[in-house]
Amino acid sequence: MGTGTRTPTRIENYMSSPVETVEHDASLVEASGLMHEAGIKAVVVRTDPLSILTSTDVVRIVSEGVDITERSAAGAATEINQTAGPDDYLQEAASAMLRHGISHLPVVDDGDLVGIITTTDITERQTG
């Protein structure tokens, strides 16, 4: 048995790719339907700059009594202001997620969205 110390792991080995995306004018119903069908908890919304819509955002909108058939995905999403690179370490991603209170971290390489790393990905890596 080891000492419990793990070798640093690159994000690219555990990120989900490709990333599910929706256009900026997609409805909230369309975006949440995609999340349900794909079994995921977030989609990237193609706004400028990119934004992210999570299942928590959808629950918040519903709890506010907003009719989700009248809200766009872009109108409920949060601008992405934190990203990681595929060569970054998993530990760095975990620290950034905790520091910023987020559970989904888009992975960008040379300005292109190439994946997404989630708290679930990190948890599975540590327990797997």
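All of the numbers you see were taken from the coordinates with simple rules; none came from a lab. As the structure is a prediction and not an experimental result, all values here were calculated from the model. Counting neighbours? That spans all protein chains shown, and the Cβs are built from the backbone with ideal geometry, glycine included.
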Exercise. Out of region 82-112, which residues are part of a loop (DSSP other than H, G, I, E, B) and either in contact (Cβ under 8 Å) with a residue 12 or more places away in the chain or over 20 Å from Lys41 (Cα atoms) (or both)?
Worked result: Gln82, Thr83, Gly85, Pro86, Asp87, Asp88, Ile102, Ser103, Asp110, Gly111
Seminar exercise, completed: Checked Val58, Val22, Val44, Val29 against criteria (outside any helix (DSSP H, G or I), surrounded by 14 or more Cβ atoms within 10 Å (Cβ to Cβ) and touching a helix residue (DSSP H, G or I) at 6+ places or on another chain (Cβ under 7 Å)); the one match is Val22
Exercise. Of (1) within 22 Å of Val43 (Cβ to Cβ); (2) surrounded by fewer than 19 Cβ atoms within 10 Å (Cβ to Cβ), Ile122 satisfies all except one. Which?
Worked result: (2)
Exercise. Is it the case that Ala76 is touching a residue at least 12 places away in the same chain (Cβ under 8 Å), within 15 Å of the chain's Cα centre (by Cα) and under 26 Å from Arg99 (Cβ atoms)?
Worked result: yes
